[in-house]
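I have placed the structure first, in the form of structure tokens, so that the comments after it can refer back to it.
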Amino acid sequence: MNNFKEVIKIVKKRKENINLFYKLLDLEEWGEYFENLLQLSELKKEKSTLLAILRRLVDLKEENLVQEWKKNNFKKEKITELKHKFYFEVKKFYELEHQNLIDEIANKKLLNEFYQNLIQGVHNIGLVINDFEISWTKEIIEKNNQILASQFSNLDDAINFLQKNGLYQTTPQGEICERSYGVLVRIGNLWKFVPYARFFENETLKLEFAFDEMIEKLKIFAKDQDEMAYVKYFEKLKNAFCEKDENKIIGSWQEAELAWMGVKSPLQVGHPLEYYEDHYTHAVALEWDIRLEDESDFDVLDFSHKIKQSFIRVYEDIGIEDKQLKEEVLSNIDKTQLYICSPMIFYGAELKGLFSAQVVPNDEFVSNIAGKKIFAFLNFVYENALSQPFMKIASEVFDKEFLSYGREILFFQEKTWKSVYKISTIGHEFGHIFFIANDTEKKMNKSGFFKNIEEYKATSGGLINFFFNEQENLKMPVFHDVIKRAISLIAWQKVDEVQPYYTEGLMHLALLFESGVLSFKNNHLKINFSLEFYEKFKSITIDVYYELAKYYILKLDAKEFLNYFCKIEDGVFLPVLEECKKFVRFYYSLYEKIGNEIDDSGEFEYYKSQKK
């Protein structure tokens, strides 16, 4: 009875309609809605302003607007205020959009009563999460993290303070957990760490009511194994959200995630799992969504087999024995569930940016028992890439031949583009599993920089798998993707919540410069985009990955490895290699000036017309 294929068609159609807002960039009049958003932004009526507003609404990205405010010398406090105002507008837009989608599905009777009540229940919980996110951000990111940043000159000292004073949560085994579900509270000079359910009592009470209302209905309609698994999961998840006992919090979230791993429906709910925003206490962000399985010809078994063989090859080549780690990694790969899917409805932290892909849970205790889930938004990311206009900064930095190579693939070689996505993005998610044992993150994160090398480890793990299983026709497309992505990540230099991706980009850039692929002189970037330099980059990447894998097996402090490539200068990470540093400074300075300016050469319009 559940016609998920028809549902995904409706989801895609509605997203296509939202992407059409980009057509406003070609018009003089923006319409009343966007004129109101312009007034809200307090910026001049310019194309760069409209693009920043569109990126915020259509792609849920804040950084373009932040860049416009900085360029216009808005104070930090004013930017924070305006970010909240735009979050509220985006929240209103998508709350209505999601309810209309749910109503359309109901009117067309595409789902049985269980799933129709499930998506409505998830939406109702999402409305609470949306408001909860505002309180969470103000308290944890804008208040506590700012206090810690002002009190301690570096992250190491702050983390030492937190650990020395017991400001963390523990696993059921009594060990410090690398993530938390709590808030720091300061009274005078004293600090305490308080669970979400105790600090955010009103929000938690509303969540409890919303969960109870949904669970009560789902119990009436649940019949098959997937449906019963969902009821169990939601019950465990409600308990985790509502847990007030400090000693039981991590255990309750582990129980919820173990139950979640038992949900294998094409319709998957995503709950709070990541902690990129909070560098200090690693408070897990308030993510909430439904992602629905999409059409794909991806051969999961073949890819998984190659991934395993690649890991075994590196492990054996290194020659450092750790049988338990090897068994954990291979077991996790075997148990991994892969979903090629699209976001359906989303709330909370996800109104500030959706995933390209994701591997979860991060809790290795859970993964050792039940494995992981990988979500890859293949078609969603592809359609978004097609809709976004070309940017002026790209034509300023890259030569036309290099740009045309990538654009030809995007617009006219869909199969190749998606193959590269599978290699780089799905490979990245499997790469996270490599060399991770139950206690790896805890031991490597002593200085607080584990995430800053883990994203590089993931991407380079996917590349290693490709290097060991090369396809001749994909060498240059993969090479192109690595170069372009590494450079584009420089734009995230001052965006704290995605700092690990920025440092990942710096690590790739260091190797691209060292191998001679990139050189920078007289404010001009030269790219040696050829098979000869592909081989040079491949060789150095493999060497560095082997060294990195040794760090993981020995569980050394991540900061030591990171500092080979980049160090903090003037509050931001910059490359150690001088030529690379000069280019990063050049690019970021250019981004500050023209990061939101559109390429008006007509190239984008040409490719769009040819695509049609």
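Considering segment 115-159, and only residues there that are aliphatic (A, V, I, L, M) and over 18 Å from Glu350 (Cα atoms), the residue that is nearest to the chain's Cα centre (by Cα) turns out to be Leu155. Filtered by the rule that a residue be in contact with a Ser or Thr (Cβ under 9 Å, 6 or more places away or on another chain), exposed (fewer than 15 other Cβ atoms within 10 Å of the Cβ) and hydrophobic (A, V, I, L, M, F, W, C), segment 1-34 gives a lone residue, Leu20. Here segment 75-86 is the region considered, the condition is being closer than 19 Å to Ala491 by Cα and out of contact with any Asp or Glu (no Cβ under 8 Å at 6 or more places or on another chain), and the residue that is surrounded by the fewest Cβ atoms within 10 Å (Cβ to Cβ) is Lys76.
Check off (1) small (Gly, Ala, Ser); (2) part of a helix (DSSP H, G or I); (3) under 21 Å from Ala558 (Cβ atoms) for Ala491 and give me the number that stays unchecked. That leaves (3) as the condition not met.
The set of residues from segment 38-77 being assigned to a loop (DSSP other than H, G, I, E, B) and out of contact with any Ser or Thr (no Cβ under 6 Å at 6 or more places or on another chain) comprises Glu42, Lys44, Lys45, Glu46, Asp59, Leu60, Lys61, Glu62, Asn72, Asn73, Phe74, Lys75. For Leu506, the test of being buried (at least 17 other Cβ atoms within 10 Å of the Cβ), closer than 26 Å to Ile141 by Cβ and either at pLDDT 95 or above or in contact with a Gly (Cβ under 8 Å, 6 or more places away or on another chain) (or both) is passed. Restricted to segment 357-387, and to residues there that are of a type in the set (Gly, Ala, Ser) and touching a strand residue (DSSP E or B) at 6+ places or on another chain (Cβ under 8 Å), the residue that is surrounded by the most Cβ atoms within 10 Å (Cβ to Cβ) is Ala376.
Just to be sure before I move on: is Leu43 at pLDDT 95 or above, under 29 Å from Ile290 (Cα atoms) and surrounded by 18 or more Cβ atoms within 10 Å (Cβ to Cβ) in the structure I sent? For Leu43, the condition - at pLDDT 95 or above, under 29 Å from Ile290 (Cα atoms) and surrounded by 18 or more Cβ atoms within 10 Å (Cβ to Cβ) - is not met.
Looking across segment 221-233 at every residue that is without any contact (Cβ under 8 Å) to a residue 24 or more places away in the chain and assigned to a helix (DSSP H, G or I), the one that is nearest to Leu118 (Cα to Cα) is identified as Val231.
Being touching an Asp or Glu at 6+ places or on another chain (Cβ under 9 Å) and in contact (Cβ under 8 Å) with a residue 60 or more places away in the chain is the filter; apply it to segment 377-387 and report the residue that is farthest from Lys415 (Cα to Cα). Of everything passing the filter in segment 377-387, Ser387 is farthest from Lys415 (Cα to Cα).
All but one of (1) surrounded by 17 or more Cβ atoms within 10 Å (Cβ to Cβ); (2) modelled with pLDDT of 95 or more hold for Lys244, so report the exception by its number. Exception for Lys244: condition (1).
Picking from residues in segment 287-335 that are part of a helix (DSSP H, G or I) and touching a strand residue (DSSP E or B) at 6+ places or on another chain (Cβ under 9 Å), the one that is surrounded by the most Cβ atoms within 10 Å (Cβ to Cβ) is Phe303.
Can you confirm whether Gly461 is in contact with a His (Cβ under 8 Å, 6 or more places away or on another chain) and in a helix (DSSP H, G or I)? Yes; evaluated as a whole, the condition is true for this residue.
The values are calculated or read from the model by the stated rules, or taken from the named source; none is laboratory data. None of these values were measured; they are calculated from a predicted model. Cβ sites come from the backbone with ideal geometry, for glycine too, and all protein chains shown count toward neighbours.
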